[in-house]
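Chemist: Provided herewith is a single structure, encoded as structure tokens, for subsequent inquiry.
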Amino acid sequence: MIHVQPTLDNTLGALFIGIVFATILNGVSYSQTWVYFGSARSGHSDRSDSRWLKSMVIILVFLDLVHQLSISHWLYYYCVSNFGNLAAFSNKLPGSSYGISFSTDLITIMTQGFYVWRVWKLSKSLSLTGVILVTSLAQFGFSLYFSVRAIHLSAGELTTVLGPFAIVINSLGAACDIFITSAIVFCLHKFQRSFSSGTLKRTNHLLRSVMIFSVTTGIVSR
């Protein structure tokens, strides 16, 4: 009888590495949130962000916490509760899959919606904002379908049954990020050209910095 040794490096190993990096980024987001609210409370910031924007930050941080706890439970389920039980991969996904999928969907649509609003404030273009909004909503729709279908599948069936949908979701997400970044950079570059090079150099430098930040934000989100 031939005994086949299962390979876990590209499954549970990859999941473990991903959770390590996700935990690091989760800590960074908490640090940024602390700085954001701390600077506003101490009066060291000249921001006057609206109440709805601050509420959105709190909701996003909470959803990020739910996502972190869910993926941690996912790893615990397969590596501790079902240690050595390869048949667990043939069972339905654990309940924490709800927290992983739906928190990701909500975080994505909220952040993209915020950037759509920024593009609208900068450009006042219905066509440009509409293209980005439709792309974002399309990704959200496919993501919801993926989340609902994944609940009724096993871990081994995810790639075979929902693999094409994952490709579509990631492609739409990348396209939406590219559209958002390009639109913001284009609008800021147009504002920069409206200033004379000799009088408002500081403003031009600030706009250039914001353009670089917009590009790097889009890269990191992918």
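The values are calculated or read from the model by the stated rules, or taken from the named source; none is laboratory data. What you see is a predicted model, and the numbers here were worked out from it, not measured in a lab. Glycine gets a Cβ as well: all are built from the backbone with ideal geometry, and neighbour counts include every protein chain shown.
Chemist: Of everything in segment 62-107, what is β-branched (Val, Ile, Thr) and outside the structural domain of Leu162 (by TED's automatic domain parsing)? Give them in sequence order.
Modeler: Selection gives Val66, Ile71, Val80.
Chemist: Something else: Taking Asp46 as the residue in question, decide whether it is at pLDDT below 70 and in the same structural domain as Ile17 (by TED's automatic domain parsing).
Modeler: So Asp46 fits the description; yes.
Chemist: Also, quick follow-up: Take Arg193 and tell me if it is closer than 30 Å to Gly95 by Cα, of a type in the set (Lys, Arg) and either modelled with pLDDT under 75 or surrounded by fewer than 19 Cβ atoms within 10 Å (Cβ to Cβ) (or both).
Modeler: So Arg193 fails the test.
To keep it simple, each residue is scored yes or no on (1) aliphatic (A, V, I, L, M); (2) free of Cβ contacts under 8 Å to residues at least 12 places away in the same chain; (3) in a helix (DSSP H, G or I); (4) over 20 Å from Tyr78 (Cβ atoms).
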site: Phe142; (1), (2), (3), (4): no, no, yes, yes
site: Val148; (1), (2), (3), (4): yes, yes, yes, yes
site: Glu157; (1), (2), (3), (4): no, yes, yes, no
site: Val161; (1), (2), (3), (4): yes, no, yes, no
site: Ala166; (1), (2), (3), (4): yes, no, yes, no
site: Cys176; (1), (2), (3), (4): no, no, yes, yes
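Chemist: Report whether or not Gly99 is at pLDDT below 90 and surrounded by 17 or more Cβ atoms within 10 Å (Cβ to Cβ).
Modeler: Spelling it out, Gly99 is indeed at pLDDT below 90 and surrounded by 17 or more Cβ atoms within 10 Å (Cβ to Cβ).
Chemist: For Ala183, only one of the following conditions fails: (1) at pLDDT below 80; (2) in a helix (DSSP H, G or I). What is its number?
Modeler: It is condition (1) that Ala183 fails.
Chemist: Can you say whether Pro164 is crowded, with 17+ Cβ neighbours inside 10 Å and over 29 Å from Trp34 (Cβ atoms), as far as the supplied structure shows?
Modeler: The answer is no for Pro164.
Chemist: Moving to a separate point now. Mind listing just one residue for me: the one in segment 59-87 that is free of Cβ contacts under 8 Å to residues at least 12 places away in the same chain and in a helix (DSSP H, G or I) and, of those, surrounded by the most Cβ atoms within 10 Å (Cβ to Cβ)?
Modeler: My answer is Tyr76.
Chemist: List every residue pair whose Cβ atoms lie under 6 Å apart, where the two residues are 6 or more positions apart in sequence or sit on different chains, the first residue falls within segment 14-40 and is under 21 Å from Ser70 (Cβ atoms), and the second residue, located anywhere, is in a helix (DSSP H, G or I) and of a type outside the set (Asp, Glu).
Modeler: Filtered contacts from segment 14-40: Leu15/Leu75; Ile19/Ile71; Ile19/Leu75; Asn26/Gln68; Thr33/Val61.
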